[in-house]
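Right, one structure below, let's go through it.
The values are calculated or read from the model by the stated rules, or taken from the named source; none is laboratory data. These figures come from a predicted structure and were not determined experimentally. Neighbour counts run over all protein chains shown; Cβ positions are idealised from the backbone, glycine included. Note: areas computed on protein heavy atoms with side chains; ligands, DNA, RNA excluded. Shrake-Rupley method; radii C 1.70, N 1.55, O 1.52, S 1.80 Å.
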Amino acid sequence: QSTWGFESNLVWAGIRSHHFPAMEAALVDKLTEALSPSVLEVKDVSNNCGGKFEVLVVSEHFQGLTLVKRHQLFYQTIAEEMKSIHAMSMKTWTPEEYANRMRSEYPNK
């Protein structure tokens, strides 16, 4: 575990939809394979329609990339899945950015 009590390896905190678990699994598989994230959270927030997701990806692959380039890489990775997704909210952070945010949000850990 990290200093702030979070797992330092892959964390998947997905809330699985009862109707569309295959889409979440596909997102996790593709993002894991392409970006080797240290943290990955995938949440279906679509009220059971399976078309709206919130994703947090923490990866070294984002180091030195602008936000636009990070999002392009993200969307390229899941291009096939995006054909069936209506809305996607993503956070694409480097490990350093993630650690800084955890420090500011949980200063006593």
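When the range 62-103 is filtered for residues that are open to solvent by 90 Å² or more (accessible area, probe 1.4 Å) and assigned to a helix (DSSP H, G or I), the ones remaining, listed by number, are LEU67, VAL68, LYS69, GLN76, GLU80, GLU96, ARG101, ARG103. On the stretch given as the range 31-45, residues that are surrounded by 15 or more Cβ atoms within 10 Å (Cβ to Cβ) and either at pLDDT below 85 or over 11 Å from the mean Cα position of the chain (by Cα) (or both) total 2. The requirement of being open to solvent by less than 50 Å² (accessible area, probe 1.4 Å), touching a residue at least 60 places away in the same chain (Cβ under 8 Å) and more than 13 Å from the chain's Cα centre (by Cα) is fulfilled nowhere in the range 47-59; no residue meets it.
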